[in-house]
Structures are given as C-alpha cells and as structure tokens.
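In what follows, a single structure is set out as structure tokens and then discussed.
The values are calculated or read from the model by the stated rules, or taken from the named source; none is laboratory data. None of the values given here were measured: they were computed from a predicted structure. Note: ideal-geometry Cβ built from the backbone for every residue, glycine included; neighbour counts use all protein chains shown. We work out accessible area using only protein heavy atoms, side chains counted, and drop any ligands, DNA or RNA first. Shrake-Rupley method; radii C 1.70, N 1.55, O 1.52, S 1.80 Å.
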Amino acid sequence: MATGYARFYVEADLGQLIRAPGPAASRLGWLADVPLDARGRVPRLRKARVIAFARPVAGRADQIQLISPEAQIAWTPADDAQIKRAVREVLAPDAPPAITGIGNAFHVPGSLPGEGETQVFLQTPSGDPVSLLILRRPGEQRRWAVSLGEIVDEAAGPPARDTLLWYRLACGLPRVLPDSAVANEEPARAGIAAEDYAFVIAALGPCGKPA
C-alpha cells in the first residue's frame, strides 16, 4: 500500500450496474486503498457514493476486486455520464480499435515552401486501418486529422476530447515517433514527420482524467 493511504474493507449497496459479465449481488464487499485527507486523517466513507471498476471474485458472488489501486472514485454526475458514454462507445459496432503501435510514417513536401503533409499509419490488434494526417500550409496553422478506414480524409479532423477515439490515441500512441517508422525516409523528411507527430501528441494532451 502506498504512503498516504489507508486500506479499508468496504461493504456497499449496489446502486447501479453499468456493465458486468453477469448479475451481481445487491450488496458487495471489496478492499480499497483510500487517500488520507490533508491532515493525514482517515476519511469518513459512511454514506459515500462511489464508482468502482472491479472484477468478480471466483466463487464469491458478494465479493469484487478493484482492477487497480485507483479504480474507486467518488461519484459525480459528470463522471457517471462520461463513463456510461464510454461504455456505449466501446460496445458500438463501429467502435475505434485499440492502438498497439506505429507502422510507418512519411512526409511529402508540397509545391510551395513550407507546404506538405505527413501520414502516420497506426497498428491495431484487429488490423483495422487507422491513420493520422498532418497538413502544413503556408500562412496557416498546422492541422491534423485521424481516419478510420482505408481512405485518409483530412476533413475528419481530430477526435473530441474524452471520446473513446481520443482515449485510444492519447493513451495508446508512443510519445515519440519511433525511428523504425521513418527508416526509409530521407533524414530531412524524417525530421519533419517526427515534428508533425509531436504536434499531434501535444494536441491530444496527456492520457488520463484532467485535474
């Protein structure tokens, strides 16, 4: 257990089951590491309402196990709505696939100085195509888009923050373009491709819930 936390055995009434492999007991128990307050005191959990991300315990219908130390959070209307929206996106037939790495990337200069586009092809467990397109135009701000499909579409634009596609990219992409992705590119073009990829990573922001 990390410093600054207290471990509790929690028993709580199940208010709502957002998603589960099967039915759950109306009252559940689990272990949770809860952060101490600013004075180092144990927080009061009685009557608290929480959201728990957990897995069932084999042979114990009334017990669950948190999937990580941070998998219990205080309930808020905003978090409740966001989690339900994410679950709907995950279950949708056209849900964007997970990102496992970078395939290859290349930069094509345009006819004008400072003009060009970079394409980055991403790897997915299913092999479904996902790609990034970064556009440079003289006198304009750099723009980027993500495409789900064989056709690279600049009109697609970037994903909205906190959507499943945003999460797939922000949490699945490496922070730096791998050298292997531009191994066949000229050094100057490879450098521009790396800059454009860094632009996308900065635009996505860090993976995780904002403070």
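Data for the structure
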quantity	calculated
Residue within segment 77-85 that is surrounded by 13 or more Cβ atoms within 10 Å (Cβ to Cβ) and more than 18 Å from the chain's Cα centre (by Cα) present	no
Residue check, SER126 over 22 Å from LEU164 (Cβ atoms), open to solvent by 30 Å² or more (accessible area, probe 1.4 Å) and part of a loop (DSSP other than H, G, I, E, B)	no
Boolean, ARG143 is open to solvent by 20 Å² or more (accessible area, probe 1.4 Å), in contact with a Ser or Thr (Cβ under 9 Å, 6 or more places away or on another chain) and basic (Lys, Arg)	no
Selected residue (criterion: surrounded by the most Cβ atoms within 10 Å (Cβ to Cβ)) from residues of segment 42-76 that are charged (D, E, K, R) and in a strand (DSSP E or B)	ASP62
Enumeration of residues in segment 100-118 that are closer than 17 Å to ASP128 by Cα and open to solvent by 70 Å² or more (accessible area, probe 1.4 Å)	THR100, ASN104
Boolean, ALA95 is within 30 Å of LEU36 (Cα to Cα) and either among the hydroxyl-bearing types (Ser, Thr, Tyr) or open to solvent by less than 40 Å² (accessible area, probe 1.4 Å) (or both)	no
Output for segment 19-32, where each listed residue is modelled with pLDDT under 90 and open to solvent by less than 100 Å² (accessible area, probe 1.4 Å)	ALA20, GLY22, ALA24
Selection count, segment 157-170, where residues are surrounded by fewer than 17 Cβ atoms within 10 Å (Cβ to Cβ) and touching a Leu at 6+ places or on another chain (Cβ under 9 Å)	2
Unmet criterion (only one of (1) closer than 27 Å to ASP79 by Cα; (2) surrounded by 16 or more Cβ atoms within 10 Å (Cβ to Cβ); (3) not hydroxyl-bearing (Ser, Thr, Tyr)) for PRO174	(2)
Filter pass, LYS47 being free of Cβ contacts under 8 Å to residues at least 12 places away in the same chain and basic (Lys, Arg)	yes
Subset of segment 178-201 (residues that are closer than 17 Å to LEU135 by Cα and open to solvent by less than 80 Å² (accessible area, probe 1.4 Å))	ALA188, ALA190, GLY191, ILE192, ALA193, ALA194, ASP196, TYR197, ALA198, PHE199, VAL200, ILE201
Verdict on VAL87 being of a type in the set (Val, Ile, Thr) and modelled with pLDDT of 95 or more	no
